[in-house]
Amino acid sequence: MSVESCTEFLRVVGDDPGLRRQLRAMTGVAEMIRLGRVHGFAFDDRDLVAAAATDAAARLVPPPPRRAERPVPGFHHYEFALEEIPGFAPVLDELPHLKIRPDTVDLDAFDREFRDDDLRSTSAAPASAEFRRWRAGPDAPAGPNDARHFHLVNLDDHVDHPAYDGYLAAKNRTVAALEKVFGDEVRFSGSMWYPPSSYRLWHTNETQPGWRMYLIDFDAEFDDPAETSFFRYQRPGTSELVTLGERPRLARFFKIGQEPERLFWHCIVNPTRRHRWSFGFVVPDSWTDALEARR
Ligand SMILES: [Fe+2]
């Protein structure tokens, strides 16, 4: 185990377009360590942190967006049925391979982490006095990284199970298919499994601005289309809540901003008996043009 080994690994990745793309399919430290091991490099998470400060890592940082986008006043999200997006057939084909349930996840332990007060906090607008009181109170999560914010399973934290290799291969093919559609680099930003009664509490992602695309799917249709999982956001600059019910095979686009007065507060709740998966991507600002050109 060494920082040198990790730095050398990052150098090798930087020189190899195939490995660079593989890296764009990964979001977890455990995944990076595993990829290094597969290629003969031994390092741990502390080595990775140290190596991240070197020039070898700087080469792997994605470039800033290539062009400014045209702001569309009043629009904060877009949704499409996956079947309707031109060029997305190969992406749709990968969904069954991405929707895994690692056997290293203990769902009974997961259920014990559920907190009704945390769930209830998703009903109050972040700008409301009620929410601010709760967040400043003694029963709120300790800070933005408190595990209570994430009552879900981050699939990329699980690399030691039999389905991982097939899952990683599907992620790689998905990046390749999306880069073909968008004509630019695309990166996974998070691969989440929301079992029944799961949630992600209010947050802004303000440290990672830009457009996101989420591909969302389920283990089966909802029995009642009025009782579904949902994505909720606070309209930037207001205290108005927008709640988007969901359905299988959905793509959602939204933009993360950094202006303090116009942050994109959002949360996700799956209060149903269905299993929900969401795969997030950083997409180029020009994504609308890319889709328009294919229509
Ligand atoms: Fe988010």
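Please tell me if Phe279 is crowded, with 20+ Cβ neighbours inside 10 Å, within 16 Å of the ligand (Cβ to nearest atom), outside any strand (DSSP E or B) and assigned by TED's automatic domain parsing to the domain that holds Asp111.
No: the conditions fail for Phe279.
Give the residues of segment 228-241 that are surrounded by fewer than 14 Cβ atoms within 10 Å (Cβ to Cβ) and not polar (S, T, N, Q), sorted by residue number.
Initially, segment 228-241 is screened for residues surrounded by fewer than 14 Cβ atoms within 10 Å (Cβ to Cβ), giving 237-238, 240.
Across segment 228-241, the qualifying residues are Gly237, Glu240.
Report, ordered by the first and then the second residue, all pairs with beta carbons closer than 8 Å, sequence separation of six or more or different chains, a first member in segment 95-121 that is in the same structural domain as Pro195 (by TED's automatic domain parsing), and a second member that is in a loop (DSSP other than H, G, I, E, B) and of a type in the set (A, V, I, L, M).
Ile100/Ala163; Pro102/Ala163; Asp103/Ala163; Ser121/Ala140
Residues are listed down the side, and each one gets a yes or a no for (1) modelled with pLDDT of 95 or more; (2) surrounded by fewer than 19 Cβ atoms within 10 Å (Cβ to Cβ); (3) farther than 15 Å from Ala251 by Cα:
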| residue | (1), (2), (3) |
| --- | --- |
| Glu185 | no, yes, yes |
| Met192 | yes, no, no |
| Pro195 | yes, no, yes |
| Ser198 | yes, no, yes |
| Leu201 | yes, no, yes |
| Gln208 | no, yes, yes |
| Leu215 | yes, no, no |
| Asp223 | no, yes, yes |
| Ala226 | no, yes, yes |
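Do we have any residue at all in segment 45-67 that's surrounded by 12 or more Cβ atoms within 10 Å (Cβ to Cβ), at pLDDT 90 or above, part of a loop (DSSP other than H, G, I, E, B) and touching a helix residue (DSSP H, G or I) at 6+ places or on another chain (Cβ under 8 Å)?
no
The values are calculated or read from the model by the stated rules, or taken from the named source; none is laboratory data. Keep in mind the model is a prediction, meaning the values are calculated, not measured. Neighbour counts are summed over all protein chains in view; Cβ atoms, including those assigned to glycine, are modelled from backbone coordinates with ideal geometry.
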